[in-house]
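First comes the structure, then the notes that go with it.
The values are calculated or read from the model by the stated rules, or taken from the named source; none is laboratory data. Since the structure is predicted, the reported quantities are computational estimates derived from the model, not experimental observations. Note that we place each Cβ from the backbone using ideal geometry, even for glycine, and neighbour counts take in every protein chain shown.
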Amino acid sequence: MTVAAPPARHAVARPRHLEALPRLARHVVASGEGRIEVRSPLDLESIGEVPRSAPKDVARAAERARVVQEDWALRTFDERGAIFLRFHDRLLERQDEILDLVQLESGKARLHAYEEVADTAIVARFYALHAARFLAPAARKGAVPGLTQTWEYRHPKGVVGIIAPWNYPLSMGVTDAIPALLAGNAVVEKPDSQTPFSTLWALDLLHECGLPEGLWGVVCGAGSQLGPALFDASDFVQFTGSTATGRHVAKAAGERLIGCSLELGGKNPMLVLVDADLDAAVAGAVRGCFASAGQLCVSTERIYVHESIYPRFLADFAAATRALRLGTRLDWSYDVGSLASAEQLARVEAHVADAAAKGARIEAGGRRRRDLGPYVYEPTVLSGVTPEMELHSEETFGPVVAVYPVASNQEAIVRSNDSPYGLNASIWSRDTELARRMATRLQAGTVTINETYVAGWASTEAPMGGFKDSGLGRRHGAEGILKYTEGQNVTVQRGLPIAPPKGVPAEAFARWFTGALKAVKRVPGIR
Ligand code: NAD
């Protein structure tokens, strides 16, 4: 690995703008004395403190949000959208501040922090401009042409509870709240305790852009403590995190008969077909496996390569991985940053050690780099991985990928689908029509051809989410905003009722109605 960072013993210098963090911490709804100290994985030094919320603070945040939401729901789509379009512009203008904060909270490289800025801007722009298209009252075909008029209305659920993880502190902290708010809801959010400031920074910016105070409440603390209060206070729950916690959230939502959307884990495959542009596939694999040091739900952890090109792919991919620059500075000078925590590092080390002990070959990486930072781990490529090894099927959620030869496209599809997960996949081929047909046979919510995840993720008009154990519900697209609403059918019946007119026997009415149904099926304009 090329080294592009100062020795880890040197603390990462804190930029002056972080002096605003104590002011941001005041946005947390908390009544007690407890504090949570947020430390950077880059140097283990403090970033700042936020107050620790209690379950009663969750209820308080929700009550206040509900009051503010009444007026918010009456505003027009344009009024609400204007706030998020201002947010879009100011976020891009002030990106250096949030890039520093995301890097400090998560440990990732600046380019990967920038992905979060771009993602947040794209989602804000998309839903600010298109919410009305999905949600404005719309005329629908009535039961009896000419007599029945029907409209579909979309009402906000009320208070949306959001639980976010640490791996994409800005994206995951904000992009699910945006459609919820634009649909007329209030939000109460619990960011991960390791990364609350990115959410608070965005909330502060949204206040500056005109979002009413109290509409989006933030509480901080352990999920196991605040979760039950949040489920009780919410009319819908949006959760992003592990599959294990997702099951728990689904049960709690089921008890209360409220909806939930769950964005969970993955073990994402990449398929390199025999006609792939190999250089492009190698570069794509490097991006797809090691962005945010692999702590990305859509990160590639399995690569299936046609056996005729496998040796060259493996050699080039290992070489490109070894050439990555590792670092921990708040600048653009390196490619891959740190893992986010001691737990993450332990999991990555355990997976690699287990695989190596059972006979896997380490083609690149495979070592912790204390010289660069407390949790830095080299991007790692493995071959010879077998089903007995933990990382064969379990999500590592780190910079570790296994490469396998396959004899055919069919084998690549079968092995890709042989997983309880189904979040993301990518296919590399010059024949994009063939790749598109193969994509529809993959059990994955997103399949990107000739790119790993960025192009699919950033195409926000289409839904994104998981098959199987990777989730329930979708973000992005129509589904990403409709889920935060109650659909309502309002129908006006004129003239005759849909019932036997006075004096007409029921059987005669049924015969006449049956004839009418058959006729309607034949008329293109009204069927
Ligand atoms: P996690 O489930 O441990 O924690 C996620 C969030 O849930 C945190 O805010 C945590 O405080 C909270 N939480 C934990 N226990 C809770 C409980 N009992 N009740 C309520 N809330 C609780 O997940 P993690 O390990 O922090 O995140 C990594 C996982 O998230 C990986 O599996 C990754 O694939 C997944 N993830 C998925 C997506 C996606 O969009 N599909 C995105 C990012 C991360």
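Across the range 380-394, the qualifying residues are those that are in contact (Cβ under 8 Å) with a residue 60 or more places away in the chain and surrounded by fewer than 23 Cβ atoms within 10 Å (Cβ to Cβ), and the one among them that is nearest to Q344 (Cα to Cα) is E394. For H207, are the conditions met, namely being more than 15 Å from the ligand (Cβ to nearest atom) and either part of a loop (DSSP other than H, G, I, E, B) or surrounded by fewer than 24 Cβ atoms within 10 Å (Cβ to Cβ) (or both)? Against the criterion (more than 15 Å from the ligand (Cβ to nearest atom) and either part of a loop (DSSP other than H, G, I, E, B) or surrounded by fewer than 24 Cβ atoms within 10 Å (Cβ to Cβ) (or both)), H207 qualifies. Tallying residues that are more than 19 Å from the chain's Cα centre (by Cα), part of a loop (DSSP other than H, G, I, E, B) and touching a residue at least 60 places away in the same chain (Cβ under 8 Å) within the range 214-257 yields 7. For the range 263-283, enumerate the residues that are surrounded by 24 or more Cβ atoms within 10 Å (Cβ to Cβ) and either in contact with a Pro (Cβ under 7 Å, 6 or more places away or on another chain) or not acidic (D, E) (or both). Result: L264, G266, K267, N268, P269, M270, L271, V272, A281. A Cβ distance below 6 Å, combined with a sequence gap of six or more or placement on separate chains, defines the contacts here; from the range 178-193, residues that are under 11 Å from G161 (Cα atoms) reach residues that are surrounded by fewer than 24 Cβ atoms within 10 Å (Cβ to Cβ) and among the basic types (K, R) in the pairs N185/K157. Screening V174, V218, V188 for residues that are assigned by TED's automatic domain parsing to the domain that holds D119 and either closer than 23 Å to E255 by Cα or surrounded by fewer than 18 Cβ atoms within 10 Å (Cβ to Cβ) (or both) leaves exactly one candidate, V188.
Comparison of V249, V237 shows that the only residue that is in contact with a strand residue (DSSP E or B) (Cβ under 9 Å, 6 or more places away or on another chain) and more than 8 Å from the ligand (Cβ to nearest atom) is V237. Condition first: of a type in the set (D, E, K, R), under 30 Å from G525 (Cα atoms) and in contact (Cβ under 8 Å) with a residue 40 or more places away in the chain. Can you find one or more residues in the range 133-151 that meet it? Yes, there is a match, as at least one residue in the range 133-151 is of a type in the set (D, E, K, R), under 30 Å from G525 (Cα atoms) and in contact (Cβ under 8 Å) with a residue 40 or more places away in the chain. Pairing each residue of the range 461-485 that is within 11 Å of Q238 (Cβ to Cβ) with any residue that is basic (K, R), provided the two are 6+ apart or on different chains, yields C-beta distances under 7 Å for G473/K483; G480/R474; Y484/K157. The criterion of being under 23 Å from A244 (Cβ atoms) and within 25 Å of the chain's Cα centre (by Cα) does not hold for E388. Within the range 333-348, none of the residues are within 16 Å of the ligand (Cβ to nearest atom), assigned to a strand (DSSP E or B) and in contact (Cβ under 8 Å) with a residue 12 or more places away in the chain. Taken together, P405, P374 contain a single residue that is out of contact with any Lys or Arg (no Cβ under 8 Å at 6 or more places or on another chain) and in a strand (DSSP E or B), which is P405.
Within the range 296-342, restricting attention to residues that are charged (D, E, K, R) and closer than 24 Å to N424 by Cα, which residue is surrounded by the most Cβ atoms within 10 Å (Cβ to Cβ)?
Among them, the one singled out is E301.
Can you work out which of the residues in the range 486-517 that are free of Cβ contacts under 8 Å to residues at least 60 places away in the same chain and part of a loop (DSSP other than H, G, I, E, B) is farthest from the ligand (Cβ to nearest atom)? Residue satisfying both the conditions and the ranking: G503.
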